[in-house]
1. Looking at Ala280, Ala316, Ala335 in this structure, which one is under 20 Å from Ala206 (Cα atoms) and either among the basic types (Lys, Arg) or open to solvent by 10 Å² or more (accessible area, probe 1.4 Å) (or both)?
2. Looking at Leu236, is it over 13 Å from Ala266 (Cα atoms), at pLDDT 90 or above and either part of a helix (DSSP H, G or I) or in contact with a Ser or Thr (Cβ under 8 Å, 6 or more places away or on another chain) (or both)?
3. What residue, among those in the range 393-449 that are among the hydroxyl-bearing types (Ser, Thr, Tyr) and open to solvent by 30 Å² or more (accessible area, probe 1.4 Å), is farthest from the chain's Cα centre (by Cα)?
4. Yes or no: Asn553 touching a residue at least 60 places away in the same chain (Cβ under 8 Å) and of a type outside the set (Ser, Thr, Tyr)?
5. So, of the residues in the range 590-628 that are hydrophobic (A, V, I, L, M, F, W, C) and within 60 Å of the chain's Cα centre (by Cα), which turns out to be farthest from Leu658 (Cα to Cα)?
6. Which one of these is in contact (Cβ under 8 Å) with a residue 24 or more places away in the chain, assigned to a helix (DSSP H, G or I) and either more than 47 Å from the chain's Cα centre (by Cα) or loosely packed, with under 15 Cβ neighbours inside 10 Å (or both): Val132, Val165, Val156?
7. Can you tell me which residue is surrounded by the fewest Cβ atoms within 10 Å (Cβ to Cβ) among those in the range 97-122 that are modelled with pLDDT of 85 or more, assigned to a loop (DSSP other than H, G, I, E, B) and of a type outside the set (Ser, Thr, Tyr)?
8. Select from the range 524-537 the residues that are touching a His at 6+ places or on another chain (Cβ under 6 Å) and either modelled with pLDDT of 95 or more or assigned to a helix (DSSP H, G or I) (or both) and write down the one among them that is nearest to Leu484 (Cα to Cα).
Amino acid sequence: MLERSQEPVSLRRPIKFAMARKLGLIAVLLAVTSIYEAVAIFHPISESHRSAALELFSPAAGSFSSLEEAYEALITFEVLGLKKPEIKDHTCNSVVDTLSSPSLNSKDLHHAFRVNGLLKCKISTGDLTGIVSRLKDAAKDATTLLDYYHSIGGLVLIKDQNPEVDVFLGNADGILRSIKALSQSDGRWRYSSNNPESSTYAAGLALETLSGVISLSASPVDENLIGTLNKDIVKLFDSIKKYDDGAYYFDDKLIDASGHQGPLSATSAVVRGLTTFASASGSLNIPEEKILGLARFLLGIGIPGTSKDLYYQIDALSCLENNRVSVPLVLSLPATVLSLTSKDKLKVKVNTVLGSAGPPLSVKLMQVFSSGSKDASVLKQELNYDPKEGIHTMDALPEGVDVGEYIFAFEIVLSDPEHKKIYATGGRTKVPIHVTGVVTVDNAKIALLEGDVLESEIKLDLPGKNDVAVSANHLQKLHLSFLLKTPLGKPFKPHQVLLKLRHETGVEHIFVVGNSGKRFEMTLDFLGLVDKFYYLSGQYNIELSVGDAVMENSFLQALGYIELDLPKAPEKSTHPPPQPTDPYLRYGPKAEINHIFRVPEKRPPQQLSFTFLALVFVPFLAFLIGLLRLGVNLKNFPTSAVPATFAILFHGGIAAVLLLYVFFWWKLDLFTTLKALGVLGIFLMFVGHSTLSHLASTSAKIKSA
């Protein structure tokens, strides 16, 4: 993709060219296409714009954040033929509240009437009378261009929505001259007399405002003033910029309170102002080339990424669709890649910028330019029109058109001569066409040479299955040759013809196969390549890749292998480069590790183990029997509640330590056991100290008594 950018970034205008990729088996071949100056394809508004509008203009919680945003969404939906969102009740309430508020300025009133023109809210004629008076006073006292724009715009909308209300201006000439005083010598306008900077965007607003004043004038406007304004428009178009593909646009670098205005907003404002001024004044002389160029710019930006830019684009295209100057017609092709194999037909569509059907007309193919040649064949062949599909078709491509890249020059001929005053066709339209087909490979051979003497030769089937197996040393040569022919039998030179030799260690060597006349051939002299081959003897797999954008049977073909016997590498020779590690092998799953454990030692019989366990418990049983026979002395055990509790906890802690030893022998590790033993030790120290202190105190009292 090639991008041509113009500030802001959202206005980048991509030009897409066909990049064909066809593979024989497993390879992807890059296709490089030629770019011709002043050649581009423009398409009318499509379903993609409608999908973008539904996504970008999505009301939050059933409403838009402002009346201005609501208007931009509603007018965009209306132009694109989309169903309007269910926001009428909430939005109409906002409109009524705005119009009934005496404190709001002319800008808020202007946006309210714009929305009302689309939703048809219920507004009484009595309320409009007071609003008209406020707007007239605002127009009379205005000092900035934006004040004039909103006040005059509001009056124009009231006139369109309710003709019964008197909105005509008695001092229209004075207002016109006040607005004209803000103009500059280059056709641009200032926002106010205090701001010396001029703006193209402001020029569009000024033209729209002037057209509103003309339509609201109670008496005919001075024709000399209209003529002066027409001259200002001509000066404004002198500053218009142009792309190589014939697209015209206005740019604006002024940054002020209204924000940065880029090419899209500036062009949209001028288009709206130009078309409304032409409707009000009734005369405007703008070359159709520039009108069509403005349409190309607006269509060439594709689908904008913001709702504001989409509104600018759709609004400007709607103005061009319904203007009184010249309605541009867009010639587009559903497909610019045609296959000779499938006998594709050349199809051409002619529509307005919004995709509507054009007037009765015919399309002629005037010239065909071939790739890399300035010569063109003159045809003047008229295409057949299918009224059901609305498409002009050519059943067969012109004679002599083979696989390759061409420029087709079309011309739109209007059936009614009177339509030339209404529609802009733009003369000849050049479109890049890529004609694809199957390229045949003839007389393909691979040979082994000793000097200039042929030792062996093998014929190849390309593309197809081959199994070449040859052996060679450094004194021999490998020779490859073949012919490429187009479907019309002409020699064909693809973008890419590569021969690759891959050593069994992974080292690859790629050679570009050149052509001499009609034949592609290459000779590998191994004596001169031993250093490049790093003196690596062994087996080399041979692959041939042939690819082109217009070649339907591009292929990457394995031819077989060659066993090379090269001399030993000198001490100071270049070593092969390290081969890249396969990411799958590096980061993928590792091989399973199988551990070999030590064979367990032989253990004694189970009966002997249980017997030894029983003997271990014999001393403990003897201890218990001794306690029973001798008796247990519990006279010193505390009887009061608190000392008794500490004594019980002390003995329980000792039992817990003994139980911990059992668990250590059974399942616990040493570190866990030590942690638990530390906690129990602190506990035993506390309760044991309390118990022993009580016993010592009791013993001291008995002795003193």
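1. On the way: Ala316 fails: either among the basic types (Lys, Arg) or open to solvent by 10 Å² or more (accessible area, probe 1.4 Å) (or both); Ala335 fails: under 20 Å from Ala206 (Cα atoms).
Just one listed residue meets the conditions, Ala280.
2. In short, no.
3. The residue in question is Ser415.
4. Details: touching a residue at least 60 places away in the same chain (Cβ under 8 Å): yes; of a type outside the set (Ser, Thr, Tyr): yes.
For Asn553, the condition - touching a residue at least 60 places away in the same chain (Cβ under 8 Å) and of a type outside the set (Ser, Thr, Tyr) - is met.
5. Ranking the qualifying residues of the range 590-628, first place goes to Ala591.
6. Working: Val165 fails: assigned to a helix (DSSP H, G or I); Val156 fails: either more than 47 Å from the chain's Cα centre (by Cα) or loosely packed, with under 15 Cβ neighbours inside 10 Å (or both).
The unique qualifying residue is Val132.
7. It comes out as Lys122.
8. First, the residues of the range 524-537 that are touching a His at 6+ places or on another chain (Cβ under 6 Å): 526-527, 530, 536.
Narrowing the set further to residues that are either modelled with pLDDT of 95 or more or assigned to a helix (DSSP H, G or I) (or both) leaves 526-527.
Working: Phe526: 27, Leu527: 30 Å.
By that ranking, first place goes to Phe526.
The values are calculated or read from the model by the stated rules, or taken from the named source; none is laboratory data. Predicted model only: the values in this text are computed from it and were never measured. As a convention, Cβ positions derive from the backbone with ideal geometry for all residues, glycine included, and neighbour counts pool all protein chains shown. Ligands, DNA and RNA are excluded from the accessible area calculation, which covers all protein heavy atoms including side chains. Shrake-Rupley method; radii C 1.70, N 1.55, O 1.52, S 1.80 Å.
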